[in-house]
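Worksheet: one structure, shown below.
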Amino acid sequence: MKITEADKKRVKAMGCLFNRESEDEFNVRVITENGTLTGVQLANIAEAADRFGSGTVAFTTRLTVEISGVKYEDIPALQAHLARANLETGGTGAKVRPVTACKGTTCVFGQINTQAIAKQIHKRFYEGYKDVALPHKFKIAVGGCPNNCMKPDLNDFGLIGQNKPLVNWDKCRGCKKCIVQEGCQRGAAKVVDGKITIDKDRCNACGKCIRNCYFKSLSSQAHGVKIVIGGRWGREGRKASELPGIYSAIDAMDILEKTLLAYRHYGRPRERFGLMVERLGMDRMEELLLTDEVLRKKEQILAEPVGAGADLQPGRA
């Protein structure tokens, strides 16, 4: 059958991308909630690839799975097959994209349960905001520690696990060979006058020192996530800007909602979030995200067109 441009556009909104090397085949994107799949789901995808596609799958950088070689007329049957394993297609358009996450606390460096947090974000914002149009695509990543494997600072909104140390000098034995100092790759932990100290300017809150001391001379002063906003990769990369402080997962969810509302209201059509951050400035972004200004206008923002406040002067409602 002849595939029209209208056909391609319609199924693209469902995560079915036209294969330019064919006349009537699509790569169908299967969504994961947090980058993980059960054995049953993997088997379902494998069977779907054999029955409806080319028999091969590809893993995307957003931790989704693409089944290649699917005929246009087979897309509904494929989607019905996937639904039997609680799977769906999607992940395209100017809206919240599938959430990516590292493996979190199963890693020796992991400070937060990235899998659980990503699943919450998926439910609340990928699913909950599925019908909310944004100026452009919006990508979210959850990283378990400052090693940055998941590249949260190259996403529109990123969470980075943090565990800020607090020194208890009464418990420090002043060991001749301090395992905390030896293990600090940042050079932030040093023994000074027989006691361990932490250079706050060099410490990245990886939390490793807290686990290392045999005598428990370090404890957790703040345990949670750092929030970074406005990152992007691609043709014009931008490293994300940091919000001050360390936040709980619950607070981070609320800040993410404010971020989406602010982006929908102040972002210009086709403007990436990072460009909006630069245009408004971090002082204004902190004002928007760390107060309830946009939450008070939530219903209005969701009802109005995208970018209704884009041409207002920074600092104006």
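The values are calculated or read from the model by the stated rules, or taken from the named source; none is laboratory data. None of these values were measured; they are calculated from a predicted model. Virtual Cβ from ideal backbone geometry, glycine too; neighbours counted across all protein chains shown.
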Requested in this report: Name every residue in the stretch 211-246 that is touching a residue at least 24 places away in the same chain (Cβ under 8 Å), basic (Lys, Arg) and more than 23 Å from Arg279 (Cα to Cα), in order of residue number.
Outcome: Lys216
Query raised in the report: Out of all the residues in the stretch 136-143, is one or more assigned to a helix (DSSP H, G or I), in contact (Cβ under 8 Å) with a residue 60 or more places away in the chain and under 22 Å from Pro305 (Cβ atoms)?
Result: no
Report task. Restrict the check to the stretch 93-101 and report whether at least one residue is assigned by TED's automatic domain parsing to the domain that holds Cys16, surrounded by fewer than 20 Cβ atoms within 10 Å (Cβ to Cβ) and more than 17 Å from Phe18 (Cβ to Cβ). Result -> no
Requested in this report: Tell me which residues, restricted to the stretch 108-131, are of a type outside the set (Gly, Ala, Ser), surrounded by fewer than 17 Cβ atoms within 10 Å (Cβ to Cβ) and either over 22 Å from Ser248 (Cα atoms) or at pLDDT 95 or above (or both).
Outcome: Lys123, Arg124, Glu127, Lys130, Asp131
Query raised in the report: How about the stretch 171-203: which of its residues are buried (at least 17 other Cβ atoms within 10 Å of the Cβ) and within 19 Å of Gly161 (Cβ to Cβ)?
Result: Cys184, Ala188, Ala189, Ile198, Cys203
Requested in this report: Please find, among Thr32, Thr38, the residue that is β-branched (Val, Ile, Thr), loosely packed, with under 15 Cβ neighbours inside 10 Å and outside the structural domain of Asp156 (by TED's automatic domain parsing).
Outcome: Thr38
